Amino acid sequence: MDCQQSPSDQAEHCDFDLTDQDLDGDTLREECGVFGIFGHPDAATITALGLHALQHRGQEAAGIVSFDGSRFHSERRLGLVGDTFSRADVIARLPGTIAVGHVRYSTTGETILRNVQPLFAELNAGGFAVGHNGNLTNGLTLRRELVRNGAMMQSTTDTEVILHLVAQSKRNRFIDRFIEALRAIEGAYSLVSLTNKKLIGARDPLGIRPLVMGELDGCPILASETCALDIIGAKYIRDVEPGEVIVFDRHGVQSHKPFPPMPPRPCIFEYIYFSRPDSIVGGRSVYDVRKAMGAELARESHVDVDVVVPVPDSGVPAALGYSRESGVPFELGIIRNHYVGRTFIQPTQSVRELGVRMKHSANRAAIQGKRIVLIDDSLVRGTTSRKIVKMMRDAGAREVHFRIASPPITHPDYYGIDTPDRAGLLAATHNLEEMRQLIGADTLAFLSVDGIYRAMGEPGRDPAHPKFTDHCFTGDYPTALTDLTQAEAQPRQLSLLAEAS
Ligand code: SF4
């Protein structure tokens, strides 16, 4: 460990060995964000801004497709939105008043250009682009059937089956073709689509992934989260409802409900980690819900300590809620370096062994000699939590307790989240005491499933009618998992897809 004394501010920063595992290396990653706008002269620029606000939903690649009244234009790039779409020459190649965009984090299909969305194809019904947030649980099965019937796949994403299903539909109207395709797919999807006349949005019947409607200068917008409306000063209209297909064209807006009604089950992890704290999801402030989770955690498993320390950034609201409920002071005991991004300084192995810390440092002034409780949003593999506990001890904390503002993750996801398979989930293979010993904390506790439902304003979880998709904690998958049962393969979408490509 390497510490520098600075007598002037009575502080000492200690950097510690985390080698190449950064503090964010042990968390679930959301797969993708979508945005679309109809009828605006700066459609591509506004879409780029919306995607920038959704960057937390996917950092691997971004794409925009626009239509200028006669031609479609597509720009797809690996990398961050700001690296690509901040360039005037790129935006200039996207003329038109309708545009859709996508930011990507891959769960299905490799990180290669042909998998970057929106995917576009010229169909006999005209040009069609689609951007997808979520994951289809029968994508592989449909893909095999389509390939058997002669379809030629251009990507290894599950999303591409939607293009082929629309292309193969015998229906006359485009919207009927689109709805016929939706009836064939299963799993989680929030879609933005573009034709030469329409902007179309759709959400799966359970509403697992979010999708909202907004308006700017009278022009309708679709976006994964309200934070993408805020960045451009657009007005929030409403959420696209679960099972709704919404169409914008020069005649106005049409709403279709092609599925039998069923109780919605939005993904509860959107509140725990995925959505930005300043977003309103399903009518709830993500920030307020996370504070409520922290307060529930304090009510369920408080421990006698001197300070509450969040694991930044996602642990901050829960730590605030915990601090207010328990009356224990809140302190920033871990300082995050927000300028790491795509770590431009790649330390050599020898430097790394010196313990250079890229993203986070211990703030000794806040924790030395103190009994602390660390608050984080979730625990997946446990590698990061172990390093954080070591960091606090090395920086002089007297006791280090750990509280997780969500239940133990025991089951992998199939709805658009990159989770390890069960063997890689610490809580699926270790009991509480084993996990405590492994991360080296004095005590460890998770928020209960009922506790997280109470934080959402529910009395608890009703097993007969659960209000949320929560199977990473409960194993209660809300839809059939056709690919899995069909393939009887290991539970990892990527490996399933590798078979087909
Ligand atoms: S497993 Fe379910 S609750 Fe967990 S992240 Fe995935 S969709 Fe959300």
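So if I check each of Leu447, Leu425, which one is modelled with pLDDT under 95 and either surrounded by 17 or more Cβ atoms within 10 Å (Cβ to Cβ) or under 22 Å from the mean Cα position of the chain (by Cα) (or both)? It would help to see each step written out before you state the result.
Working: Leu447 fails: modelled with pLDDT under 95.
Sole residue among the options that is modelled with pLDDT under 95 and either surrounded by 17 or more Cβ atoms within 10 Å (Cβ to Cβ) or under 22 Å from the mean Cα position of the chain (by Cα) (or both): Leu425.
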Residue in the stretch 355-366 that is assigned to a loop (DSSP other than H, G, I, E, B) and at pLDDT 95 or above present: no
Flag if Pro263 is surrounded by fewer than 17 Cβ atoms within 10 Å (Cβ to Cβ) and within 16 Å of the ligand (Cβ to nearest atom): yes
Which listed residue, of Gly96, Gly50, Gly63, is part of a loop (DSSP other than H, G, I, E, B) and either in the same structural domain as Glu215 (by TED's automatic domain parsing) or not polar (S, T, N, Q) (or both): Gly96
Pick from the stretch 314-334, criterion more than 16 Å from Lys370 (Cβ to Cβ) and under 27 Å from the mean Cα position of the chain (by Cα), ranking: modelled with the lowest pLDDT: Ser314
Search result, residues across the stretch 317-342 that are open to solvent by less than 40 Å² (accessible area, probe 1.4 Å) and among the hydrophobic types (A, V, I, L, M, F, W, C): Ala318, Ala319, Leu320, Val328, Ile334, Val340
Counted residues, the stretch 72-93 - those being open to solvent by 60 Å² or more (accessible area, probe 1.4 Å), in a loop (DSSP other than H, G, I, E, B) and modelled with pLDDT under 95: 2
Given (1) within 16 Å of the ligand (Cβ to nearest atom); (2) more than 19 Å from the chain's Cα centre (by Cα); (3) aliphatic (A, V, I, L, M), number of the condition Val281 does not satisfy: (2)
Test: residue in the stretch 176-184 that is assigned to a loop (DSSP other than H, G, I, E, B) and modelled with pLDDT of 95 or more: no
Sole exception among (1) closer than 23 Å to Ala43 by Cα; (2) surrounded by fewer than 24 Cβ atoms within 10 Å (Cβ to Cβ) for Gln117, by number: (2)
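Return the residues of the stretch 276-306 that are in contact with a Lys or Arg (Cβ under 6 Å, 6 or more places away or on another chain) and crowded, with 20+ Cβ neighbours inside 10 Å; say none if nothing qualifies. Step through it out loud before you land on a result.
Within the stretch 276-306, the subset in contact with a Lys or Arg (Cβ under 6 Å, 6 or more places away or on another chain) is 296-297, 305-306.
If the condition is that a residue be in contact with a Lys or Arg (Cβ under 6 Å, 6 or more places away or on another chain) and crowded, with 20+ Cβ neighbours inside 10 Å, then Glu296, Leu297, Val305 are the ones that fit.
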So Pro258, is it part of a loop (DSSP other than H, G, I, E, B), assigned by TED's automatic domain parsing to the domain that holds Gly139 and away from the ligand (no atom under 16 Å from the Cβ): yes
Residues (closer than 16 Å to Thr97 by Cβ and either polar (S, T, N, Q) or buried (at least 18 other Cβ atoms within 10 Å of the Cβ) (or both)) located in the stretch 217-236: Cys219, Pro220, Ile221, Leu222, Ile232, Ala234
Gly416 being away from the ligand (no atom under 12 Å from the Cβ) and closer than 25 Å to Phe274 by Cβ: no
Residue satisfying all of: in the stretch 367-376; open to solvent by 10 Å² or more (accessible area, probe 1.4 Å) and either in a strand (DSSP E or B) or of a type in the set (Ser, Thr, Tyr) (or both); farthest from the ligand (Cβ to nearest atom) among these: Arg371
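The values are calculated or read from the model by the stated rules, or taken from the named source; none is laboratory data. As the structure is a computational prediction, the values presented were derived from the model and not from experiment. Cβ coordinates were reconstructed from backbone atoms using ideal geometry, including for glycine residues, and neighbour counts include every protein chain displayed. Surface accessibility is based on the protein's heavy atoms, side chains included, excluding ligands, DNA and RNA. Shrake-Rupley method; radii C 1.70, N 1.55, O 1.52, S 1.80 Å.
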